[in-house]
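In what follows, a structure is listed as structure tokens, so that the remarks can point back to it.
Any read-out appearing in this document is the output of simple, stated calculations on the displayed coordinates, not a laboratory observation. Keep in mind the model is a prediction, meaning the values are calculated, not measured. Note: ideal-geometry Cβ built from the backbone for every residue, glycine included; neighbour counts use all protein chains shown.
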Amino acid sequence: MNKILIGVLGVALLVGIWVFASYNGLVSTSEAVTSQWAQVETQYQRRFDLIPNLVASVKGIMNQEQEVFTAIADARTKYSGATTPDAKAEAAGQVESALGRLLVITENYPELKSSTNVQDLMTQLEGTENRISVERKRYNDLVQSYNLKIKQIPGAVLASIFGFKEHAYFEAATGSETAPTVNLE
């Protein structure tokens with residue numbers, strides 16, 4: 001009788017340890033996803049801090065491209081007002097589209113290419129875009145890991161008991177696969 005009781009208590013203790021460890025693993029992975037999204041937002045903020053300087057430098061040389069400058073300003077405003085990762089990703093996509101048009105414009109204006117300020121800012125912006133790409137990939141990798149944990153057994157059982165929900169992947173904005181066109185005529 002004592003051996004059976006000790007065996008049952010041992011199994012219950014092992015199950016309890018497993019539940020605690022699994023729960024803590026899900027919490028840690030979910031927090032890693034949240035933290036990585038903050039890294040993506042940090043890079044977005046870097047981009048948004050650079051954009052006004054780039055726009056001011058370019059504006060000083062060419063005033064006729066107000067539509068691009070307006071699109072960049074509108075997208076920045078939309079991003080600032082976004083509250084969810086999906087809304088922020090959509091606004092970031094609009095910024096990318098407007099920046100793409102601005103890059104095409106700068107390629108077509110030799111006086112812009114020769115401006116040291118514009119060159120420096122473009123280099124910083126390109127570096128920031130690369131950082132954003134890396135951080136988005138890291139975010140999606142963590143989301144994949146977390147989502148797999150909460151979908152596979154036994155994690156799916158614990159996830160449903162404790163209310164863990166799937167995290168959304170970062171997805172490019174609709175239309176971002178199409179290169180921007182700028183007609184300067």
Quick one: what are the phi-derived ³J(HN,Hα) couplings along segment 125-142, Karplus 6.51/-1.76/1.60 with θ = phi - 60°, whole Hz, x for glycine and proline?
5, 4, x, 5, 4, 5, 4, 4, 4, 5, 5, 5, 5, 4, 4, 4, 5, 5
Return the sequence-ordered ³J(HN,Hα) values of segment 45-54 in whole Hz as given by the Karplus equation 6.51 cos²θ - 1.76 cosθ + 1.60 applied to θ = phi - 60°, using x for Gly and Pro.
4, 4, 4, 5, 6, 7, 4, x, 5, 5
Among Leu5, Phe48, Ala82 the positive-end extreme of the charge dipole of segment 1-102 (Cβ point charges):
Leu5
